[in-house]
Amino acid sequence: MFYEVKTTELTDNVFDLIGKQWLLVTAAKPDGTCNTMTASWGGFGVMWGKDVAFLVIRPQRYTKEFIDSSDTLSISVLPDGYKKQYSYLGSVSGRDEDKITKAGLTVTLDGKTPYFEEARMAMICKKLFAQPYDPDSFLVPAMKDDCYPQKDYHTLYICEIEKVLVKK
């Protein structure tokens, strides 16, 4: 059972949340099919007077197709003990198999936005902005070389956090 809280009530350390616990970014296509991926890069903050999540997705990720075809997405945080599922969901493509079922997760919906019943927290987000990284914008060339040897630059998404659901 989930209940809604305000973003200002969150107490998680965002650096720990993103960098160590990880997140699942999930979206659905108009036909209702959904896909998810593990994210360990991104951020949270305030932009344009709104509480937002900053997500970065590489172009080859199957989940990007789902994100691009929807106005909304979710960010799910699983409880401790799900590192194996996070690793699996980040390394296997939903193009090749039903990775959500194989990971033992249950999709639930907030309206048309999918998230996971097993999550301890889920953020329902509305996309506000999307822009591919411009390789000429890197001010530290070594970062571009180290992080993008295949030149598969992320797309930055800025998403308004419309709702935060926390498990009782």
Return the only residue of Lys126, Lys112, Lys163 being open to solvent by 50 Å² or more (accessible area, probe 1.4 Å) and within 13 Å of the chain's Cα centre (by Cα). Lys126
Quick check on my filter: what residues within the range 45-63 are in contact (Cβ under 8 Å) with a residue 40 or more places away in the chain, out of contact with any Leu (no Cβ under 8 Å at 6 or more places or on another chain) and not aliphatic (A, V, I, L, M)? Asp51, Arg58, Pro59, Gln60
Candidate set: the range 30-63, residues that are among the basic types (Lys, Arg) and not in a strand (DSSP E or B); chosen: the one surrounded by the fewest Cβ atoms within 10 Å (Cβ to Cβ): Arg58
Between residues in the range 1-22 that are on the phi > 0 side of the Ramachandran plot and touching a residue at least 60 places away in the same chain (Cβ under 8 Å) and residues that are open to solvent by less than 40 Å² (accessible area, probe 1.4 Å) and among the aromatic types (Phe, Trp, Tyr), which pairs lie under 9 Å by C-beta distance while being six or more apart or on different chains? Trp22/Tyr86
Residues in the range 94-106: is at least one without any contact (Cβ under 8 Å) to a residue 24 or more places away in the chain, in a loop (DSSP other than H, G, I, E, B), open to solvent by 20 Å² or more (accessible area, probe 1.4 Å) and not acidic (Asp, Glu)? yes
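The values are calculated or read from the model by the stated rules, or taken from the named source; none is laboratory data. Note that the structure is a prediction, hence the values are computed from the model and not measured. When we count neighbours, we look across all protein chains shown, and the Cβ atoms used for this are built from the backbone with ideal geometry, even at glycine. Quick note on the areas: whole protein, heavy atoms, side chains included, nothing else; ligands and nucleic acids left out. Shrake-Rupley method; radii C 1.70, N 1.55, O 1.52, S 1.80 Å.
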